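So the structure is just underneath, and the comments pick up after that.
The values are calculated or read from the model by the stated rules, or taken from the named source; none is laboratory data. Here the structure is a predicted model, which means the values were calculated and not measured. In this analysis, Cβ positions are derived from the backbone assuming ideal geometry, glycine residues included, and neighbour counts consider all displayed protein chains.
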């Protein structure tokens, strides 16, 4: 009898785990003292063609902004190619994905990151995580608030839609050495960051998910 209950518990836990994984993947995609130069996965090696804390429940002070100016024509092109595209829903997903990815990066969770980033972006994030681990350092990140989100560029390139989002957030990032001493950052001082994240999706694909394909910080 006990074995029967244990089997049911295993099935239940497996079902819950599967549901959580599907929710994570559905956010935006399968695929986005002694200071020294560090690898920053949130800073692209070059600017994007147009123009990456901890708790998921970070205060949402700002409201998503509808696309304006040069982005309007791009958004119209995306909607023409994919009538299901909805700006408000996309920006909500971008905010959620931002919190998930930033949290996973701080935790060194490469499994979670790999399901949301394309290969190139994942390689950059993984490199930074491995460098941190090799230095025996830890990163503590608190995403205090996402203050603003706005689509600043959108386009259709071949079979894919590309949408770039500006995300303004207040974050606390503290890097500590193995002995707990602070190497970088201030645990009592939030810093405003402006990130530009570009997401990609094949418009004719049955998969509704978006992939993070580029990041850049101003």
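Observations, loosely collected:
- Conditions (1) under 18 Å from the mean Cα position of the chain (by Cα); (2) buried (at least 17 other Cβ atoms within 10 Å of the Cβ); (3) closer than 19 Å to residue 184 by Cα; number of the one not met by residue 122: (3)
- Of the strands (runs of 3 or more DSSP E) lying entirely inside the stretch 140-218, those containing at least 1 residues that are crowded, with 19+ Cβ neighbours inside 10 Å and modelled with pLDDT of 95 or more are 160-176, 191-202, 211-217.
- Counting residues in the stretch 58-69 that are within 30 Å of residue 180 (Cβ to Cβ), surrounded by fewer than 20 Cβ atoms within 10 Å (Cβ to Cβ) and modelled with pLDDT under 95 gives one or more.
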